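Below: the structure, in structure tokens.
Rule-based calculations on the coordinates, nothing more; no lab input. Treat the numbers as computed from the prediction; the structure is a model and nothing was measured. Don't worry about glycine lacking a Cβ; one is built from the backbone with ideal geometry, like all the others, and counts go over all protein chains shown.
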Amino acid sequence: MGSDLTARFAALWASLAPIGRSGDSGGYLRYSWTSADADCREWFTEEAMDRDLDVEVDGNGNIWATWLPDGVDPATPAIVTGSHLDSVPHGGAYDGPLGVVSALLAVDEMRERGVRPATPVRIAVFTEEEGSRFGIACLGSRLMTGSLPADKAAALRDRDGITLAEAMSGRGQDPALLGPDPARLAGIDTFVELHVEQGRALQVPVGVASAIWPHGRWRLEFTGEGNHAGTTRMDDRHDPMLTFAFTVLAANKQARTSGAHATVGRVQAAPNATNAIPSSVTAWLDARAADEPTLAGLVEAIATQAKDRAGRDGTGFAATAESTSAETAFSAMLAARISDVLGGAPVLPTGAGHDAGVLSGHVPTAMLFVRNPTGVSHAPAEYATDEDCAAGVAALADVLTDLAAGSRDSL
């Protein structure tokens, strides 16, 4: 990959990198509708306007920047690319922002090549993709497509009790505008999301997605009897922490034996005191599998074992699905076309969810992956080389050029 594109990637990447970075962990704290999020939005808006792109924010808080070539009808459905700028708590730099930075540079690359698209080319920045503040992943794209009711979204609360509506209002965004956006959705001809690969499956700089595993988040509630840690006999305890601990181990074993993934990465205990037996424990299960029957069987087996253990511990257990996503199979025809454009790039599935997965039920959708040499993601060590990222930019420019000259009917 040419040193010039690599250098341009490194420079633009460096301009975004300091925003929301934790001085303690080195990871990122970019939660939606916070000051860090506002700074990211301002950074994107300025970069888009520097490129003479038309910028607008929709009612759900998603940002859109449009390159409308001379002579192209603005009503023509656009070729759209982009990703998100928010992060998981203390997450890595590349998950989401790589797709946004690459989209800006891909427009630059297309212009430098003298490409004259026959359609508008649009960059999207979706809000709350990670679900780290309000608990539902891909919030902006779910709202736009109508898969999440606006009233339910507005009432979502973060860990401090602030609702989404309140958070949006505090940043000058009217929550009354939340909801489906069929006109904007109809204005998308094809959506291509570039993303860092979040595992170690990709052995070359750029690959193409075939599918997203079905996945979901379940709230697990364990109830018991709060009591004194120093005076309550072990035989007299009804400790929900024991049931919780057993359930975490059961989830790990069940996932390993079924070839699936199960993770409990967030937990809250009440009263959360060192010298008190908790009265309740609330945890969140992230479960994923290669197909929906396996995922359903995994969650059912975990719940069955948790209930059985609760009976023995004298505690209570309940599981509630907070968000679920069915298996996403991207268009095989579109993936093959993109692979051909990229000289036979490998096609592979992923266990991670994306806005592309939400949009795929409505418009032709594809994903490009950029190699992650360590496979680490959702952690500060998440990484991709500047050279591979530049290769991703060039590949995205190739794909957008091809699609902007083609027809939706061929997909």
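Once the Cα atoms are used to define both axes, helix 97-112 deviates from the longest principal axis of the chain by about 0 degrees.
Arranged from fewest to most other beta-carbon atoms within 10 Å of their beta carbon, LEU194, LEU139, LEU148, LEU68 become LEU68, LEU148, LEU194, LEU139. Measuring nothing but how far apart in sequence close Cα pairs (under 8 Å, 6+ apart) lie, relative to its length, the chain scores a relative contact order of 22 percent. When segment 1-102 is described by a simple charge dipole with +1 on each Lys and Arg Cβ and -1 on each Asp and Glu Cβ, the residue from GLY26, VAL100, ALA10 located farthest towards its positive end is GLY26. Could you state the angle between the C-alpha long axis of helix 332-341 and the longest principal axis of the C-alpha atoms of the chain, as a value from 0 to 90 degrees rounded to the nearest 10? The angle comes out near 50 degrees.
Mean projected area of the Cα convex hull of segment 253-411, taken over all directions, amounts to 13.1 nm². Here the translational diffusion coefficient of segment 20-107 follows from Stokes-Einstein with Rh set to the Kirkwood radius across Cα pairs; for 37 °C and 0.692 mPa s it amounts to 232 µm²/s.
Our Cα-only numbers for the chain put the radius of gyration and Dmax at 22.6, 81 Å. Ordering THR263, THR66 from the fewest to the most neighbouring beta carbons within 10 Å gives THR263, THR66. A simple rule links phi to the HN-Hα coupling: the Karplus curve 6.51 cos²θ - 1.76 cosθ + 1.60 with θ = phi - 60°, which for segment 315-327 gives 10, x, 9, 8, 10, 10, 6, 9, 7, 9, 10, 6, 4 Hz, with x for Gly and Pro. DSSP finds beta bridges in the chain, and of those with both partners inside it, around 70 percent are antiparallel. Around the amide H of ASN227, modelled in the peptide plane, lie the amide H atoms of ILE277, all under 5 Å away and 5 or more residues distant in sequence or on another chain.
Summing Cβ point charges (Lys, Arg +1; Asp, Glu -1) relative to the Cα centre of the chain gives a dipole of roughly 1180 debye.
Every helix of 4 or more DSSP H residues in the chain counts as -39500 (n - 2.57), and over all residues that averages to -11000 deg cm²/dmol at 222 nm. With coordinates expressed along the principal axes, the C-alpha atoms belonging to segment 215-325 extend over 48, 22, 18 Å, beginning with the largest. Modelled this way, with points 7 Å down the Cα-to-C-beta line, the labels at ALA17 and ALA379 are 2.1 nm from one another.
For the chain, with the dipole built from +1 on Lys and Arg beta-carbon atoms and -1 on Asp and Glu ones, taken about the Cα centre, which of THR350, ALA405, ALA283 lies farthest toward the positive end? The one lying farthest along the dipole's positive direction is ALA283.
In this calculation the C-beta distance from GLN203 to ALA118 is compared with R0 = 30 Å, giving a FRET efficiency of 0.30. Extending 7 Å from the Cα toward the beta-carbon at both SER35 and ASN252 defines two label points whose distance is 3.9 nm.
Its Cα centre serving as origin, segment 277-411 has a Cβ charge dipole (Lys and Arg +1, Asp and Glu -1) of approximately 360 debye. Compared with the dominant principal axis of the Cα atoms in the chain, helix 35-50 is inclined by about 10°.
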